[in-house]
Amino acid sequence: MSLLILVFGFLPLASIGILLFSVSFVDMIVFQARWHFFIFFIVVLFFFSLKLHALAIQFFERHFKSPYHWKQSDTTTVLLMIVSAIITYSLGHTFGFGAFLASAVVGLFGAILFKRQKTIIYTGSFIGMTHTVFLPDLWCILLAALVTGVIYVLSRHSFVGYGGKLGALSLIGTLTSGYVLGHEPVSLPIPDATTGALMVGFSLLGTFVTLAIRKYVKHDPIFASSLATLFIVGIHQLIPLALPSILIAAFMMGTFTAMANRLVLPRAFLFYLASFVSALTMIFSQPFLENAGGKLGTLTLIGVITTRGLVDVHQFIVIYLSVKRKRFIIDK
């Protein structure tokens, strides 16, 4: 069973981030000739891979010492994932809420009414955000939620506190369902410089608003993310010039970054750095997996893991220099 936890619990979350980042990187450098971003992507890939390695070691030490047994509560988790995904999909497409509003409403109700199951419900809502071009009916959603629910149970103790984990789980499920049933996500062109700059700004704004809600409203991250998304959707409905959906998506992605635990990102500026990394990766990943539920969360996971890797390297350097200085003083 430990091997199953490794294969279906840790590796899918790690590989989906590497896959999305890598294909974006290759497309940008080889096909788009954006050479001035080369160093940025190399740095991100280095720190992302470095932190993944450290997390893998922790995961092995934790889960390969005792066997895991499937519990009745795990079956309940999978069923709840299916229900929340179907409700979000129905609200978004059948009742015309739209993907962003539907996910925010489901997430908010989950955070208020079902506090113990709120994480499961919010994860399922990301599956329901998937566009009908990719997953055209409820059978596709059901399969996606089933896959995501199983992986959710097996990966419960991996990437704890890392913003974007829930979305990455959803992306694994939606991609599995889509390709098994013969559907493919759409592809969009890389946006122009102006739109790209706005995407970065809206991502940072989403992080700021969500952090403010967490601080002043004193509520959990899922409530804050859902409420912040409702805020931007409300503005989208009220102002005469409607915001492009890509900017709302960037804002929502920023809210996922702000869901990270303070133990993972101990300083406020680190949240904004992670949001910035995710936004840039989002710009160049537009040709891949667009309108697949969970992509925004996966991009967030890339940004948060990369930033945490940078923090770990900085801490290592500080400790190394401190020890070296003490040895120098003792020897002297």
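Since every read-out is calculated from the coordinates, none of them should be taken as a lab result. Every value quoted in this text rests on a predicted model; they were computed, and no experiment measured them. Cβ sites come from the backbone with ideal geometry, for glycine too, and all protein chains shown count toward neighbours.
The order of the peptides 243-252, 123-132, 209-218 by mean Cβ neighbours within 10 Å, most packed first, is 123-132, 243-252, 209-218.
Only Cα pairs under 8 Å and 6+ residues apart enter the sum, and on that basis the relative contact order of the stretch 259-327 stands at 40 percent.
If the chain between residue 314 and residue 218 were fully stretched, how many nm would it gain, using 0.36 nm times the residue separation less the Cα-Cα distance?
Working: separation 96, 0.36 × 96 = 34.56 nm, distance 3.05 nm.
Length gained between residue 314 and residue 218: 31.5 nm.
Here residue 295 is the anchor, and the lysines within straight C-alpha reach of less than 19 Å, apart from those fewer than 8 places off in the same chain, are 165. Less than 5 angstrom separates the built amide H of residue 290 from those of 186, 188, all sequence-distant by 5 or more or on a different chain. Footprinting exposure proxy ranking of 48, 109, fewest other C-beta atoms within 10 angstrom first, gives 109, 48.
Can you check what the net charge comes to around residue 269, using other residues whose Cβ is under 14 Å from the Cβ of residue 269 (Lys, Arg +1; Asp, Glu -1)? Neighbourhood net charge equals +3. If the segment from residue 73 to residue 239 were pulled out straight at 0.36 nm per residue, it would be longer than the present Cα-Cα gap by 55.3 nm. What list of whole percents do you get for P(r) of the stretch 234-283, with Cα-Cα distances grouped in 5 Å bins up to the one holding the largest distance? Histogram of Cα-Cα distances, whole percents per bin: 5, 19, 25, 17, 14, 12, 6, 2, 0. Evaluated at 10 °C with a viscosity of 1.306 mPa s, what Stokes-Einstein diffusion coefficient in µm²/s does the stretch 67-125 have when Rh comes from the Kirkwood expression over alpha-carbon pairs? My calculation gives 135 µm²/s for D. Ordering of 272-280, 308-316, 196-204, 148-156 by packing is 272-280, 148-156, 196-204, 308-316, highest average first (other Cβ atoms within 10 Å, averaged per residue).
Go ahead and run the numbers for FRET between residue 109 and residue 261, Cβ-Cβ distance against an R0 of 30 Å, rounding to 0.05. Each step should come with its number before you reach the end.
Working: r = 23 Å, r/R0 = 0.78.
Using R0 = 30 Å, I get an efficiency of 0.80.
Each residue in 184, 290 was given a count of other beta-carbon atoms within 10 angstrom of its own, and listing them fewest first yields 184, 290.
May I ask you to compute the full-extension gain from residue 230 to residue 186, defined as 0.36 nm times their residue separation minus their alpha-carbon distance, rounded to one decimal in nm?
Working: separation 44, 0.36 × 44 = 15.84 nm, distance 2.56 nm.
Fully extending the segment from residue 230 to residue 186 adds 13.3 nm.
Taking a ≥ b ≥ c as the square roots of the Cα gyration tensor eigenvalues, with a/c under 1.5 meaning rounded and otherwise prolate when a/b beats b/c, else oblate, which class fits the stretch 200-268? Show your work: numbers first, answer last.
Working: a/c = 2.74, a/b = 1.77, b/c = 1.55.
In terms of gyration-tensor shape, prolate.
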